[in-house]
Amino acid sequence: MSSLLQVIDLKKYFRTPRGMLHAVDGVNFTLDAGKTLGVVGESGCGKSTLGRVIIRLLDATDGTVIFDGKDITNTKDVKSLRRDMQIIFQDPFASLNPRMSVYEIIEEPLIIHKMYSNKEAMHQRVQELMDTVGLASRLATAYPHELDGGRRQRIGIARALALEPRFIVCDEPVSALDVSIQAQILNLMQDLQEQQKFTYLFITHDLSVVKHISNEIMVMYLGMVVEKSGADELFERTLHPYTKALLAAIPEPTIHKTRQRILLRGELTSPINPKPGCRFAPRCNYAKDICFQQTPPLEEVEPEHFVACHRVREIND
Amino acid sequence: MTVTTKAGQPKKRRGQGKDIWRRLCKNRLAVFGMIILAGLVLLAIFADVIAPYPYDLQNYSEAFEFPSWRHPFGTDNYGRDILSRVIYGARISLQIGFISLSGGALMGCILGAVAGFFGGWLDTVIMRFTDILMSIPKTILAIAIATTLGPGLVNAMIAVSISSIPTFARVVRASTLTVKEQEFVEAARAIGASNARIIFRHIFPNVLAPIIVQSTLGVGTSIVLAASLSFLGLGIQPPTPEWGAMLSAARGFIRDQWYMVFFPGLAIMLTVFALNVFGDGLRDALDPKLKN
Amino acid sequence: MSDKLLSVRDLTIHYITDDGVVKAVNGVSFDIDKGETLGLVGETGAGKTTTALGLMSLVPDPPGKVVGGEILFNGKNMLKASKHELRAFRGKEMSMIFQDPMTALNPILTVGEQIAEVIQLHDKLSKAEAYKKAAEMLRLVGIPDERMTEYPHQFSGGMKQRVVIAIALACNPQFLIADEPTTALDVTIQAQVLDLMAELRKKFGTAMLMITHDLGVVTEICDKVAIMYAGQIVESGDLESIYERTCHPYTKGLFGSLPSLSKKIHRLSPIPGLMPDPSNLPTGCPFHPRCPNAMEICKSRAPVNTEIEPGHFVRCLLYESKTGEGEK
């Protein structure tokens, strides 16, 4: 089966007063239709930027994005791309226009793309979308500020679904929600994927959430991919020191701890004017000289399991 | 929240407008201002019915009369009833105030939105243009334009319009810059909205609050500006009963016929005061919503 | 003399607004001993922050009002204290750390000045001595003291939170309230800050109220837990009782909503519905509309606090009948 999305050596740099910020620095992956790729990392790793570059909300500095066999990296007709590629935002408060009602928000993409010729058909479609995401029809005339985070996020999802896209970037869609609401929304997104065969790029900082919903997971640090493998494999056989630390840092909700404590030194920095060498080296408990001199390439260390670390074999055996 | 609980009914959902109205009404000073403005508007609309005399009815036998039952505000040097002239003056002043302001506001909003949204050289050119306008004091600018165009109501309105452009352009540009960065604007781009759609459907409704506030305050300034023009003999020409013109004409009679100056002056003061407190109240009422 | 540092009884705080009375906190009771840490767990709208503000007498009045209950700190009733007494009290005996480190620090004062400020306010030290102590505090939280003259914007989120902790602990208070101190931080930074807090707690013997929504964070740093829902504590006890022998349906629901790193689950089991509107609470038990075990009686009778094993309290009618007795 040919893949729906192919990303080849994608780079996005920003010019800042302090220098060139390498937000995304050479990311590669393929994603098959109907599957979910989880992208995990902390602040400054570039995951949100990656999502936005793929759907052309930002323009790539270098590299290629191939969607459904076509090179869309530099295409001028971005509007028609929107029919196939959509995004769900993190902040259910900021991503909705406070002056538009629920109905108007969901209806807007349909109007822009002239999807329906008459009002009746449009009305029906909006109703349908509201039903699909679990929004009561009486809320159609409500305004975002009257609703809670969970409902607002459902509006965002309905809006993303309106154009019947095939690929959806989910940018931390549940991070701003309460735990019990998170679970509701995650279930909804899973159900939708099962019914309508969406392909998701699921961006999050929460490893527990991503394990549950992804087929494959990619861990990013300061703009580069440090580990990539199947979802279960990543947790059963964690290879990169950063991924290990990330997993160890998550407080387990149990008094019988199963994981080893690993505390990292230092702070999360910004990838501005990065020098050659592993970007994680300054904080890594295993760093040796070579780690500071040569940038480790992303290599297939075990079948379908890629790691960017000079000492990966030594550390894990 | 519109949560339904088994105990209570769904909480009443209120439109944003009603929320704002409620907050506005709690501000007593603003309500006072609103009542005065409402009164002025009524006077303006029904001047023909309310005013006891036509504004240009001259009667030399009754000239320079002190305020009395027959002429509550007295009469001027031509024997015209000042009360009637003040009432008709409301119509003129409000017209000038609102129409000129609308013209200036419209131009200013468009310039400000374009500058803020597109940035770059367009922003620079527009902002330097408004800087030039702003560097000239409003009154002098209005005088200069009115002098160039010649006297008359329309020219006065044009002059006042142009003077109000810079403030609106600045206010709208600043708000646009903020709103532009909000996630829902990015979301609009993500669904394929064109720049025009984003500006009119997403940015404008969210910068409306400062525009409204600036407008109410601006009407007051426009009225004073127009009055100044008439005072100097530009703008409105006699016998049109514009308050500023009335002030000008009464200059020579201040000592003995103080009422000729007092009542038109009082009218200007009251109108501007009402507009200001109403504008302040409106800003406060809109503010908590802005925080959301 | 008992070890009890803080004793809260039936604390009730309401907000009087135009939309009605918001019953934010409804009869909350708990005790904290010297050196002990209580985790207060709940979701948005449960009333945790209002409770914390109530403890510090910082509830905005209007529209908030402490309608009932008492707060005894070292035996002294805080609700009856004068403004003067409270000011001397805050920062010295009881301190608070807020959620967002980005806005908790004054951007125009250096970090050293802000720590020294609280020291000078409470301990009678000269400026030079206060600054020396401030440098010591910075070192204690893992920041080199050369950075004393830097401004908040020069620090990252995690470091800012450390500074906030340094300010809170500068006068060695007996009690610290931490309102979601690590929620806004990245996961690896959160681990560092939690570790620091645990260390300092041991070093200074500070008692703590840790407010969080994260059941994992609780296990890292707390001795006991209280679960809050709709302004009430629905279950409380030591870590083992709550995590191993969970009783209240809401607490069970919370655990069930968590995606697990260790277990393989295909679908999460969230609690249906939403937290009730505090200005329109349901009758009887506030959780009954969402409770999978709700009985008919739950709609009309409010459950009382029942001790089902020593130290483990549940507010649920399912357990009331089991023991047959309870206390309010």
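General remarks:
- Matching option when the condition is farther than 30 Å from C:Arg147 by Cα, surrounded by 18 or more Cβ atoms within 10 Å (Cβ to Cβ), touching a residue at least 24 places away in the same chain (Cβ under 8 Å) and among the hydrophobic types (A, V, I, L, M, F, W, C), among C:Leu86, C:Leu40: C:Leu40
- Residue in the range C:125-170 that is farthest from the other protein chains (Cβ to nearest Cβ), counting only those that are out of contact with any Lys or Arg (no Cβ under 6 Å at 6 or more places or on another chain) and among the acidic types (Asp, Glu): C:Glu129
- Of all the residues in the range C:171-194, those that are at positive phi and within 13 Å of chain A (Cβ to nearest Cβ) number 1.
- Scanning the range A:270-286 turns up no residue that is surrounded by 13 or more Cβ atoms within 10 Å (Cβ to Cβ), assigned by TED's automatic domain parsing to the domain that holds A:Lys228 and more than 23 Å from C:Thr188 (Cβ to Cβ).
- Filter result for C:Asp18 (free of Cβ contacts under 8 Å to residues at least 60 places away in the same chain and in contact with a strand residue (DSSP E or B) (Cβ under 6 Å, 6 or more places away or on another chain)): no
- Here is the figure for the range B:137-157: residues that are over 19 Å from the mean Cα position of the chain (by Cα), surrounded by 14 or more Cβ atoms within 10 Å (Cβ to Cβ) and either of a type in the set (S, T, N, Q) or more than 16 Å from B:Ser222 (Cβ to Cβ) (or both) total 5.
- Qualifying positions in the range C:170-217 - under 11 Å from the mean Cα position of the chain (by Cα) and more than 23 Å from C:Arg90 (Cα to Cα): C:His213
For (1) surrounded by fewer than 16 Cβ atoms within 10 Å (Cβ to Cβ); (2) within 14 Å of chain C (Cβ to nearest Cβ); (3) modelled with pLDDT of 95 or more, each residue gets a yes or a no:
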residue	(1), (2), (3)
A:Thr16	yes, no, no
A:Gly34	no, no, no
A:Cys45	no, yes, no
A:Lys79	yes, no, no
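- Residues that are in contact with a helix residue (DSSP H, G or I) (Cβ under 8 Å, 6 or more places away or on another chain), farther than 17 Å from C:Leu196 by Cβ and in a loop (DSSP other than H, G, I, E, B) within the range C:123-164 comprise C:Asp123, C:Leu125, C:Glu150, C:Tyr151, listed in sequence order.
- For the range C:51-72, a residue qualifies if it is hydroxyl-bearing (Ser, Thr, Tyr) and surrounded by fewer than 21 Cβ atoms within 10 Å (Cβ to Cβ), and exactly one does: C:Ser57.
- So A:Gln90, is it more than 13 Å from every other protein chain (Cβ to nearest Cβ) and either on the phi < 0 side of the Ramachandran plot or crowded, with 21+ Cβ neighbours inside 10 Å (or both): no
- Of all residues making up the range C:61-113, the number that are farther than 23 Å from C:Lys48 by Cα, assigned to a loop (DSSP other than H, G, I, E, B) and not small (Gly, Ala, Ser): 5
- Count of the range B:158-200 residues, restricted to those that are among the aliphatic types (A, V, I, L, M) and without any contact (Cβ under 8 Å) to a residue 40 or more places away in the chain, is 8.
- Residue list for the range A:242-286, restricted to those being closer than 21 Å to A:Ile315 by Cβ, at pLDDT below 85 and of a type outside the set (D, E, K, R): A:Thr258, A:Gln260, A:Ile262, A:Leu263, A:Leu264, A:Gly266
- Residue, nearest to A:Ala176 (Cα to Cα), within the range A:101-140, restricted to residues that are at the interface with chain B (Cβ under 8 Å from one of its Cβ atoms) and of a type in the set (A, V, I, L, M): A:Leu139
- Residues of the range A:141-154 that turn out to be in contact (Cβ under 8 Å) with a residue 60 or more places away in the chain and away from chain C (no Cβ under 14 Å), as a count: 0
- The range A:244-258, residues that are basic (Lys, Arg) and either at the interface with chain C (Cβ under 9 Å from one of its Cβ atoms) or under 18 Å from A:Ser214 (Cα atoms) (or both): A:Lys257
- Filtering C:Arg267, C:Arg245 for residues that are among the basic types (Lys, Arg) and touching a helix residue (DSSP H, G or I) at 6+ places or on another chain (Cβ under 7 Å) leaves a single hit, C:Arg267.
The values are calculated or read from the model by the stated rules, or taken from the named source; none is laboratory data. Just so it is clear, the model here is predicted, and its values are computed rather than measured. Neighbour counts run over all protein chains shown; Cβ positions are idealised from the backbone, glycine included.
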